[in-house]
Amino acid sequence: MSEKMLITQALDERDLLVKKINDKIEKAGFVDTVRVNEEKVYDKRVSREDFTAQAESAFQQIQDLIRRFQKIDSAIVASNAATKISTSQGEYTVAGTISLRSRMRGSGTYGEDADFEERLREKMKTEYEQRVSYSELKNRQLQSTAENMRLSILGKDSKVKDDKPLEVVETYVKENTTELVDPLNVKKMLTDLEERRMSLLAELDTQIKVSNATTFIEIE
């Protein structure tokens, strides 16, 4: 007779089974030693007969729990592969949604290498900061050079502004100023990308939870 349960219930039981199976494996005894002239085995301090019965029982219980885990896990996997949900990125199976979320968190098969959105954002951020820093440095150096040129033309103590000679300096500054080439408006783009990333991750979390709380599976 099959057993029906929600995915959320199945996930909880699966988590519990992991702990229970490992706990039983840890506590079970399968091999011991005994002296020929003694009744009890060395470690468990029970008779041979009792130790044999306990070992067989523990082994069988562990096998039963493993089978239970596998049935639940297989049913969850099958359901996730068949159940579809809608997101702002389009329609995905639950399995596809979980995979997308894992990838964006850097915890999928390829780790952080497949978190393309974050890697793109970090590359843009680093490059923007480097170019801004470089531009500011070059322009400070340019202004220092221009000031030396002005002093050379007018003299350090001159109070008179002679615009005509200074036009050469202003032209030099204009022609040698370092400008940022930023066709994507990276500063704004960085904010937009981060907001979209966080919004999508929150949406995926919500959609997965809703699906798990409303989808039933059957365990044979």
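The values are calculated or read from the model by the stated rules, or taken from the named source; none is laboratory data. Just so you know, these numbers come straight off a predicted model, no measurement behind them. A quick note on method: Cβ atoms are made from the backbone with ideal geometry, for glycine too, and the neighbour counts reach across all protein chains shown. In case anyone asks, the SASA skips ligands and DNA or RNA and just uses the protein heavy atoms, side chains included. Shrake-Rupley method; radii C 1.70, N 1.55, O 1.52, S 1.80 Å.
So here's what we get for this one:
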| item | result |
| --- | --- |
| Close pairs from segment 4-19: first farther than 12 Å from Q70 by Cα, partner open to solvent by less than 90 Å² (accessible area, probe 1.4 Å), Cβ under 6 Å, at least 6 apart | I7/N212; I7/T215; T8/N212; T8/A213 |
| Only listed residue being in a helix (DSSP H, G or I), open to solvent by less than 60 Å² (accessible area, probe 1.4 Å) and small (G, A, S), chosen from G108, G29, G96 | G96 |
| Answer residue from segment 178-220, given it is touching a helix residue (DSSP H, G or I) at 6+ places or on another chain (Cβ under 6 Å) and assigned to a loop (DSSP other than H, G, I, E, B) and is surrounded by the most Cβ atoms within 10 Å (Cβ to Cβ) among those | T215 |
| Conditions (1) of a type in the set (V, I, T); (2) farther than 14 Å from L11 by Cα; (3) in contact with a Leu (Cβ under 9 Å, 6 or more places away or on another chain); number of the one not met by T93 | (3) |
| Any hit, segment 37-48, residues being under 30 Å from T215 (Cα atoms), among the basic types (K, R) and either open to solvent by less than 100 Å² (accessible area, probe 1.4 Å) or in a helix (DSSP H, G or I) (or both) | no |
